[in-house]
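What follows is a short report on a single structure.
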Amino acid sequence: VGDALMAQGKAAEALASYGISLSTLERLTQADTDNAALRRDLAVSNIKIGHVLHRQHNLPAAIMRYSTALDLATSLSKADPRNTVWQRDVAIARGSLGNVRMAEGDFDAAVREYGAHFETISRLATSDPNNSVWQGDLSASYLKVGDALRAQDNLSDALAKYQAGLDIAKRLSQRDPENSE
């Protein structure tokens, strides 16, 4: 329901819906602490709430949610390093933290978060070059790092990141010309 409300631009209502889901997941996770699927759902729920809070410019609360998601996802990925879904969750949390740091104007922290995001996404994309989702994530990651470098006036490195992201996007669009993304 929260996702549908967000798609309609109803952030406050989406936040309430996500909050109900989060409360339920927290109770279930406390009752079954070894249930990895519940812990993963809890991480994703925190990320979704973080997105709404970021959109509402409540940056400290967004950081708290993204950090909670990162802790959960990191714990899961350490328990099973071969689980690529959990690895991607770590990257999403890092990228989201980078977005908030950019919004705060803390470009050094944004570069660090985007760098950690890039490292994980790059590893996933290299492991499966035919996975268009991971390749798209990698392209977007290059652009985010480029944005942070540009904000630091590191224009030559930013340009190199933008070009690398563009090259991937071109390959993806040639591979699937019907895909508007």
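I'd like the distance separating the alpha-carbon centroids of the range 99-133 and the range 1-74, in whole Å.
Value for the Cα centre distance between the two parts: 20 Å.
Tell me, what % of the accessible area of the range 1-71 is carbon and sulfur with a 1.4 angstrom probe?
Using a 1.4 Å probe with all protein chains present, the range 1-71 comes out at 56 percent carbon and sulfur.
If you average the sequence gap of Cα pairs under 8 Å that are 6 or more apart and divide by the length of the chain, what percent do you get for the contact order?
About 12 percent, as a whole number.
If you average the sequence gap of Cα pairs under 8 Å that are 6 or more apart and divide by the length of the range 76-181, what percent do you get for the contact order? Write out the running numbers ahead of the final one.
Working: 111 pairs, mean separation 21.7, N = 106.
Result for the range 76-181 is 20 percent.
Starting from 0 in steps of 5 Å, tell me what percent of the Cα-Cα pairs of the range 93-181 lands in each bin.
Each 5 Å bin holds this share of Cα pairs: 3, 17, 24, 22, 18, 11, 5, 1.
Need the list of aspartates and glutamates near LYS48 for cross-linking: C-alpha distance under 14 angstrom, and skip anything on the same chain fewer than eight residues off.
Straight-distance partners of LYS48: ASP3, GLU13, ASP89.
In debye, nearest 20: dipole of the chain around its Cα centre with unit charges on the Cβ of K, R (+) and D, E (-)?
Using only the charged Cβ atoms, the result is roughly 40 debye.
How far apart, in nm, are two points set 7 Å out from the Cα along the Cα-to-Cβ line at ALA103 and at SER180?
Rounded to a tenth, the inter-label distance reads 2.6 nm.
Which whole-number percentage describes the relative contact order of the range 99-143, with Cα contacts under 8 Å and a sequence gap of 6 or more?
30
Can you work out the accessible area per residue across the range 24-181, with the rest of the protein chains kept in place, probe 1.4 Å, in square angstrom?
Ligands and nucleic acids excluded, the result is 55 Å² per residue.
Please list the radius of gyration and Dmax for the chain, considering alpha-carbon atoms only, with Å as the unit.
17.0, 52
The values are calculated or read from the model by the stated rules, or taken from the named source; none is laboratory data. Owing to the predicted nature of the structure, the values given are computational and were not obtained by experimental measurement. Reconstructed Cβ throughout: ideal geometry from the backbone, glycine too, with neighbour counts over all protein chains shown. Protein only, heavy atoms only, side chains kept; ligands, DNA and RNA dropped before computing areas. Shrake-Rupley method; radii C 1.70, N 1.55, O 1.52, S 1.80 Å.
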